[in-house]
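The values are calculated or read from the model by the stated rules, or taken from the named source; none is laboratory data. Please read all numbers here as calculations on a predicted model, not as lab measurements. Methodologically, a virtual Cβ is constructed for each residue, glycine included, from the backbone with ideal geometry; neighbour enumeration extends over all protein chains shown.
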Amino acid sequence: MNGLKHSRYISCFLQWTSSAGLFMLAIILIIFLGKEIFILSVLLFSKANIVTTHSLLEGIVTYFLYFEFIALIIMYFKSRYEFPLQYFIHIGITALIRLIIIEHKGPAEVLAYAGSILLMVIALYIASFRVRDS
């Protein structure tokens, strides 16, 4: 009986520690999100007009990556300390889109990334279908 009590204390402590760490990570991501908003606004409203479509798209996709990680942390706390699979797939799709925009080296590589995105979209559909049935 005493061992069960200790394991509950240990699990509560570890849960609290991981939650505190995720909360601090969320604050850091919010700061980076604000920084990205500032960078995008400077790019858009700069009088020098050195805005390229590439840099603007890179900033927008990076913004969405920060936003999705913050949403993932929010869902972690809302779903009682579980990470929903759909959010990881969303983040993976966004990361691959960013990779295609920034480092599009050759057609074969872009095709491989596009195939990976297609697989993740199929996985997202299957995962969302399973969630609706439960």
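Hey, any hits in region 44-59 for a residue that's modelled with pLDDT of 80 or more, on the phi < 0 side of the Ramachandran plot, loosely packed, with under 14 Cβ neighbours inside 10 Å and part of a helix (DSSP H, G or I)?
Scanning region 44-59 turns up no residue that is modelled with pLDDT of 80 or more, on the phi < 0 side of the Ramachandran plot, loosely packed, with under 14 Cβ neighbours inside 10 Å and part of a helix (DSSP H, G or I).
For residue 99, are the conditions met, namely being over 12 Å from the mean Cα position of the chain (by Cα) and farther than 28 Å from residue 32 by Cα?
no
Could you pull out the residue among 125, 81, 87, 63 that is over 11 Å from the mean Cα position of the chain (by Cα) and part of a helix (DSSP H, G or I)?
The conditions single out 125.
Against the definition (touching a Ser or Thr at 6+ places or on another chain (Cβ under 9 Å), at negative phi and surrounded by fewer than 18 Cβ atoms within 10 Å (Cβ to Cβ)), how does residue 34 come out, yes or no?
no
Could you grab me the full set of residues in region 84-108 that are surrounded by 13 or more Cβ atoms within 10 Å (Cβ to Cβ) and more than 21 Å from residue 55 (Cβ to Cβ)?
84, 85, 86, 87, 88, 89, 90, 91, 92, 93
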